[in-house]
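Data first, discussion second: the structure below is written as structure tokens.
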Amino acid sequence: QVQLVESGGGLVQPGGSLRLSCAASGSIFSINAMGWYRQAPGKQRDLIAVITSGGSTNYADSVKGRFTISRDNVKNTVYLQMNSLKPEDTAVYYCNADILREPGPYGVDYWGKGTLVTVSS
């Protein structure tokens with residue numbers, strides 16, 4: 001059994017900051033890429049940031065320069081530091097991880113249940 005649990009969402013004013021965390025737990029051998037997605041009301045779920053096991057990162061244009069993804073491989077945790085937040089960043093944010101439960105070439109995608117971020121004055 002593997003679980004991803006997000007935390008850190010909430011209400012913030014435009015221009016403010018939030019830091020999301022996502023901890024993976026359970027029977028884990030190793031974790032490949034970890035990422036953050038978001039889904040605004042009535043819209044599809046989009047990838048906004050991803051980090052490989054080696055620490056390489058990639059961002060959606062909409063968050064580049066404002067959001068920073070990082071990870072702690074000892075704690076099996078991925079973070080998303082969100083600065084200069086805008087109302088259009090309002091969404092449910094989901095954590096995703098490619099996890100191997102035993103040695104092998106391929107992992108399995110796991111998802112957290114999501115955490116709501118609301119940017120409003």
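Values as computed for the structure displayed
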quantity: One residue from Leu20, Leu11 being over 23 Å from Asp98 (Cβ atoms) and in a strand (DSSP E or B); calculated: Leu11
quantity: Residue check, Arg38 touching a Gly at 6+ places or on another chain (Cβ under 8 Å) and either surrounded by 14 or more Cβ atoms within 10 Å (Cβ to Cβ) or part of a loop (DSSP other than H, G, I, E, B) (or both); calculated: no
quantity: Residue in the stretch 69-89 that is surrounded by the fewest Cβ atoms within 10 Å (Cβ to Cβ), counting only those that are outside any strand (DSSP E or B) and of a type in the set (D, E, K, R); calculated: Glu88
quantity: Extreme residue, most open to solvent (accessible area, probe 1.4 Å), among residues of the stretch 90-121 that are charged (D, E, K, R) and in contact (Cβ under 8 Å) with a residue 40 or more places away in the chain; calculated: Lys113
quantity: Filtered residues of the stretch 18-34 (kept if surrounded by 13 or more Cβ atoms within 10 Å (Cβ to Cβ), over 11 Å from the mean Cα position of the chain (by Cα) and hydroxyl-bearing (Ser, Thr, Tyr)); calculated: Ser25, Ser30
quantity: Condition check for Val63: touching a residue at least 12 places away in the same chain (Cβ under 8 Å), outside any strand (DSSP E or B) and either open to solvent by less than 70 Å² (accessible area, probe 1.4 Å) or touching a strand residue (DSSP E or B) at 6+ places or on another chain (Cβ under 7 Å) (or both); calculated: yes
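The values are calculated or read from the model by the stated rules, or taken from the named source; none is laboratory data. What you see is a predicted model; the values in this text were computed from it and never measured. Cβ: placed from backbone, ideal geometry, glycine included. Neighbour counts: every protein chain shown. Protein only, heavy atoms only, side chains kept; ligands, DNA and RNA dropped before computing areas. Shrake-Rupley method; radii C 1.70, N 1.55, O 1.52, S 1.80 Å.
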